[in-house]
Amino acid sequence: MDLNEFDDSKKINDKIDKFVLSNNLTLQDAQGIKHLFITDMRRVWGEKLQKIQEEIFSAVRNVLRVICEKNH
């Protein structure tokens, strides 16, 4: 099915619909596949955002520590 995280929602839906039709699956199958893909992408992006937030927090904490040490 050649889906990737850079596809927009219309492209994802079109690819899934094409896959469903070519494999004689039902409308419910298509809806389930779409739901699973979207849920998985949200989880992946959520994990990436959490990691970025942790890195930002760590960097800010380190900067503040250096500033405080210089002021004492």
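Just so you know, all these numbers are worked out from the coordinates, no wet-lab data involved. Everything numeric here is computed off the predicted structure, so don't read it as measured data. Please note: Cβ atoms are built from the backbone with ideal geometry, for glycine as well, and neighbour counts cover all protein chains shown.
For the chain, compute the orientation-averaged projected area of the C-alpha convex hull (one quarter of its surface), in nm².
On the way: hull surface 23.2 nm².
Mean orientational projected area (the chain, Cα hull): 5.8 nm².
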Exercise. Given H placed 1.01 Å from N in the peptide plane, which residues other than close sequence neighbours of Leu25 have an amide H under 5 Å from its amide H?
Worked result: none
Exercise. Along segment 31-37, what does the Karplus equation 6.51 cos²θ - 1.76 cosθ + 1.60 (θ = phi - 60°) give for ³J(HN,Hα), rounded to whole Hz, x for Gly and Pro?
Worked result: 5, x, 5, 4, 4, 4, 5
For this session: With a point put 7 Å past each Cα toward its Cβ, work out how far Ile56 is from His72 in nm, to one decimal.
Result: 2.8 nm
